[in-house]
Amino acid sequence: MALNTDYEDIPGTYIFNGRRCREGYQLNQFCKSLDREENREAFREDGATYLDRFRLTPEQRRAVETRDWLGMLHLGGNIYYTFKLAIFDGLSMQQVGGMMSQMTVDDFKQMMMEGGRSPSGNVSKKENINDG
Amino acid sequence: MAKIVAGVGTSHVPAIGAASDHAKDRNEYFKPLFDGYDPAREWISKVNPDVVILVYNDHACAFSVEVVNTFVLGVAEKYEPADEGYGPRPVPHIEGHADFASHINECLIFDEFDIAIANEMAVDHGGTVPLTVMYDRPESWPCKVIPLCVNVIKYPQPTGLRCYKLGKALRKAVESYPEDLRVAVFGTGGMSHQLQGERAGFVNQEFDLMFLDNLQDNPEALTKIDHNEYLRDAGSEGIELIMWLIMRGAMENPKEVYRHYHVPVSNTAGGLICFEDEAA
C-alpha cells in the first residue's frame, strides 16, 4: 500500500514518523532520562559528561547545548521528549512555544488568550504559496 | 454483571493538574475552566461508578521510544503518579482492578484486539488530570481505575475507526464480567492543540465544536477523519481526540448530559463532555 504523507504539507509541523523516530532516538532517550532525579542531578553537575552517555550526532549535541528547541525537532526530537529538557531548565510550554514560533512569551500568551493560532493561513504550505 | 453506565470525554492538559495541585484553580486565569467542571463533578458523584476505564496516552513517562505499543492495558493492583520532571503530582495513588482488567485483556485478544498489558506502570498527567477534572482533590480516588494507554505520539497513531471498534469490543468485555460493577469510560486528550514547531499554539474551535456536535449521534462520521485531517485541522497533538472515540464506541445509547468548552488552557483548547448510557 502506498503511504500517504500529505502531513508534510502542514506548515511549521514535524510529524514524528518512523524516519524522525529513528533519527531522534538517542536525542529523545537523553531527554527522557531527565525524568529521574538522579539523572537530573548528574546532568546539572556535569552536562558534557552526562551527554557523553548518549550517542548524539554533533548537530543534535549542539542543539541540546544551545537549547535550540526548533532545531531539536528538525533533528528527530519529539516535543514530549524535548520538553523534559525544558522542564529541567524551568521553562513552561508557553515559553517554549514562543521560542519555536519566534514570538515573545507575552505575545504567545496573548495569542492564546485570543483563541490561539488561527487555522487561517496555517493549514497548507501549498495553499500559502498559491495565495501568496 | 458489570455494565457501562457513563462516558466522559475530557482534555488532560498538565496545567489543569498543576492549577489544582497549587490551589490556583479559581484564580482569574483558571476560574472559567474550573467553574465549568463543577456541574460535571456533581453529576459524576451521583453516577458514582465503581470502576473507571481511563483511556489516555502516556507522554514519554511510563514508556519511551525504546518500545512503542499501540494499545496497553494496565492490569496492576495499584499505580503511582509519574515523575514528569517536577517530581510526581501530589495526588492519591490509583487503585486498579487487576482481575477485571485481566478479564478485559483476555476478551479483547479473543475478539481480535491484540492489546499489550502492563503489570507495572506509573501514570502521568494523561491519567491523573482527568481524575482531577472529575473528582477534584479527594483523599483517595472514589473509584477503581483500569488504565488503557494509546500511542498518539509516534505516527501513525491507530485510526479513529480502530479506536471506535476497540470501544465496542471493550463494551462486550465489560458486559461479560460477572461482578456487579457500574463502569464509566473516560476518553481523554485534546481538544485541538499543537505544542510543537512554528505552528505551536494552533487551536481550531470550529473543528472542536464539530467533534462535540457529532459525538453522540454521528460517531461514524468522526471515524472517517483520517490522520492528515487530524494533524492538519486539530493540530499535531489534537489527534489525541481519537481516544474519545474509544469511549464513544463503548457507549450503546449515549445521552449527552453536559458539556464545557474553554480556550485557552495553556496551549490547548479544553473540552469536556458527559454521557449517560440509556442502555444501562
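What follows is calculated from the coordinates using simple rules that are stated; it is not laboratory data. Bear in mind that the values here come from a model prediction, so they are computed numbers and not experimental data. Here Cβ is always computed from backbone atoms with ideal geometry, including for glycine, and neighbour counts include all displayed protein chains.
Taking 0.36 nm per residue of separation and subtracting the Cα-Cα distance, what length does fully extending A:Glu8 through A:Asn128 add?
My answer for the length gained is 41.8 nm.
Mind jotting down the distance between the C-alpha centroids of the range A:68-96 and the range A:1-21, whole Å?
Here the two parts' Cα centres lie 19 Å apart.
Normalising by the residue count of chain B, find the relative contact order in percent from Cα pairs under 8 Å and 6+ residues apart.
Numbers: 638 pairs, mean separation 88.5, N = 280.
Once divided by the residue count of chain B, the mean separation gives 32 percent.
Taking a virtual spin label 7 Å from the Cα of B:Ser176 along the C-beta vector, which residues in the range B:1-30 bring their backbone nitrogen under 14 Å of it?
B:2
Once both labels are modelled 7 Å past Cα along the beta-carbon direction, what's the B:Asn119-A:Glu38 spacing in nm?
So the two model labels end up 2.3 nm from each other.
Compactness ratio of the range A:15-100: Cα Rg over 2.2 N^0.38 Å, N = residue count?
Taking N as the residue count of the range A:15-100, the ratio is 1.00.
Counting alpha carbon pairs within less than 8 Å and at least 6 residues apart, what relative contact order, in whole percent, applies to the range B:231-280?
The normalised contact order for the range B:231-280 reaches 32 percent.
Go ahead and set up a Gaussian network model of chain A, Cα springs under 10 Å, then flag whichever of A:Tyr50, A:Tyr25, A:Tyr81 fluctuates most.
The residue with the greatest mean-square fluctuation here is A:Tyr50.
When the distances between all Cα atoms of the protein assembly as shown are binned every 10 Å from zero, what whole-number percent does each bin get?
5, 23, 34, 26, 10, 2, 0
Give me the distance between the Cα centres of the range B:7-68 and the range B:182-235, rounded to whole Å.
17
So what are chain B's ellipsoid semi-axes, whole angstrom, largest first, if each one is the square root of 5 times an eigenvalue of the alpha-carbon gyration tensor? Present the calculation step by step, with values, prior to reporting the outcome.
Details: eigenvalues 119, 90, 78 Å².
They are 24, 21, 20 Å, listed from largest to smallest.
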